[in-house]
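Asks: Can you read through this structure? Questions will come right after.
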Amino acid sequence: MIFHNYFVYILTNPKKTTLYIGITNDIVRRLEEHCENAGNPATFAGKYFCHLLMYYERFSSVEHAIAREKELKKWSRDKKDALINSTNPHWFPLNIEVQEY
């Protein structure tokens with residue numbers, strides 16, 4: 001049986017004033033891309049320097065991951081903050097934690 005990994009993730013900038021929600025099948029590569037694009041005005045995450053991983057969820061189904069991404073994007077900022085606080089109350093970057101994937 002082949003297992004697939006899909007990730008829905010939330011990034012923020014160093015001042016933690018902006019959140020970015022995304023989806024990927026390779027979270028390590030995608031985080032590297034966000035870091036490389038920091039400051040790039042051509043992308044939302046780049047424009048706002050969003051490259052610090054605050055929260056992520058792993059899915060085996062791309063359909064479930066897409067549905068979750070759409071759900072989170074509709075949430076208020078307060079609700080997104082509460083989600084991050086539920087697993088990462090000090091808002092420490094989790095970029096290194098996901099290197100195992």
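Asks: Might you check whether a residue that is surrounded by 13 or more Cβ atoms within 10 Å (Cβ to Cβ), hydroxyl-bearing (S, T, Y), modelled with pLDDT of 95 or more and in contact with a Phe, Trp or Tyr (Cβ under 9 Å, 6 or more places away or on another chain) occurs anywhere in region 16-23?
Replies: Yes: one or more hits.
Asks: Still on this model: Looking at region 51-67, which of the residues that are surrounded by 13 or more Cβ atoms within 10 Å (Cβ to Cβ) and among the charged types (D, E, K, R) is farthest from H4 (Cα to Cα)?
Replies: Per the criteria, the residue is E57.
Asks: If you take the residues of region 39-50 that are surrounded by fewer than 19 Cβ atoms within 10 Å (Cβ to Cβ) and hydrophobic (A, V, I, L, M, F, W, C), which of them is nearest to P93 (Cα to Cα)?
Replies: Here the residue is F44.
Asks: Sticking with this structure for a sec: Can you find a residue that is part of a helix (DSSP H, G or I) and of a type in the set (S, T, N, Q) anywhere in region 75-82?
Replies: So far as region 75-82 goes, no, none of its residues is part of a helix (DSSP H, G or I) and of a type in the set (S, T, N, Q).
Asks: Still on this structure: Do you know which residues across region 1-30 are among the aliphatic types (A, V, I, L, M) and either assigned to a strand (DSSP E or B) or within 15 Å of V98 (Cα to Cα) (or both)?
Replies: Across region 1-30, the qualifying residues are V8, I10, L11, L19, I21, I23, I27, V28.
Asks: Could you list, ordered by first residue, the pairs with Cβ atoms under 6 Å in which the first is in region 68-90 and surrounded by fewer than 16 Cβ atoms within 10 Å (Cβ to Cβ) and the second is modelled with pLDDT of 95 or more, at least 6 apart or interchain?
Replies: Within 6 Å, the pairs are K73/I21.
The values are calculated or read from the model by the stated rules, or taken from the named source; none is laboratory data. Since this is a predicted model, take the numbers as computed values, not measurements. Please note: Cβ atoms are built from the backbone with ideal geometry, for glycine as well, and neighbour counts cover all protein chains shown.
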